[in-house]
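Report on the following structure.
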């Protein structure tokens with residue numbers, strides 16, 4: 001408890017919930033509808049090292065019994081991801097979204113330009129790259145925009161003949177927000193700022 005107090009974390013003692021082999025700290029998260037789920041845990045185990053007859057040699061040369069720590073950073077990964085997706089209703093923040101931006105062409109005439117944009121985005125943002133989807137299907141642009149909007153992607157970039165000629169893209173943000181036409185570099189600055197804010 002001293003270490004929890006020193007960390008400044010708020011905590012409550014759950015009487016009777018402790019592990020039989022030593023103290024346990026667990027993080028409980030509330031989901032979007034108020035249910036509580038146990039996620040990350042760390043537990044001190046004074047028992048297992050004895051059962052395993054585990055030892056180490058201390059600095060003074062004596063043989064000591066180690067204390068074992070069991071930890072599960074997020075608990076069940078499936079449960080944690082489920083809570084996260086539910087919390088954000090599928091609209092994950094840009095820094096966390098599996099696909100951060102989709103690049104769409106209006107006709108086949110912009111296919112090479114869109115490939116070039118996607119390549120530049122994949123190498124951008126502090127050289128970590130963006131997670132980009134490239135949609136060059138021969139479909140109406142309104143159909144493609146709607147389809148990608150329903151996926152709740154943070155950003156959709158559209159390129160037609162005008163954008164190709166000017167070296168720009170038409171930018172749409174999640175929630176059907178039209179951010180207008182901008183250069184690819186201006187978009188990279190925009191999305192980099194969004195990612196850095198962790199909003």
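The values are calculated or read from the model by the stated rules, or taken from the named source; none is laboratory data. Since we're looking at a predicted model, the values are computed, not measured. Using ideal geometry, Cβ is built from the backbone for each residue, glycine included, and neighbour counts are taken over all protein chains shown.
Results, tabulated for the structure shown:
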item: Qualifying positions in the range 174-186 - within 19 Å of residue 152 (Cβ to Cβ) and more than 18 Å from the chain's Cα centre (by Cα); result: 175, 176, 177, 178, 179
item: Single condition residue 118 does not satisfy, out of (1) modelled with pLDDT under 95; (2) on the phi < 0 side of the Ramachandran plot; result: (1)
item: Residue check, residue 193 modelled with pLDDT under 95 and either buried (at least 17 other Cβ atoms within 10 Å of the Cβ) or assigned to a helix (DSSP H, G or I) (or both); result: yes
item: Test: residue in the range 78-87 that is surrounded by 13 or more Cβ atoms within 10 Å (Cβ to Cβ) and part of a loop (DSSP other than H, G, I, E, B); result: no
item: Wholly within the range 94-183, helices (runs of 4 or more DSSP H) carrying at least 1 residues that are within 30 Å of residue 82 (Cα to Cα) and free of Cβ contacts under 8 Å to residues at least 60 places away in the same chain; result: 111-122, 141-150
item: Members of the range 93-106 found to be crowded, with 19+ Cβ neighbours inside 10 Å and under 12 Å from the mean Cα position of the chain (by Cα), listed by number; result: 94, 97, 100
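Residues checked against (1) in contact with a helix residue (DSSP H, G or I) (Cβ under 6 Å, 6 or more places away or on another chain); (2) under 30 Å from residue 90 (Cβ atoms); (3) at pLDDT below 85:
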site: 15; (1), (2), (3): no, no, yes
site: 22; (1), (2), (3): no, no, yes
site: 43; (1), (2), (3): no, no, no
site: 46; (1), (2), (3): no, no, no
site: 79; (1), (2), (3): no, yes, no
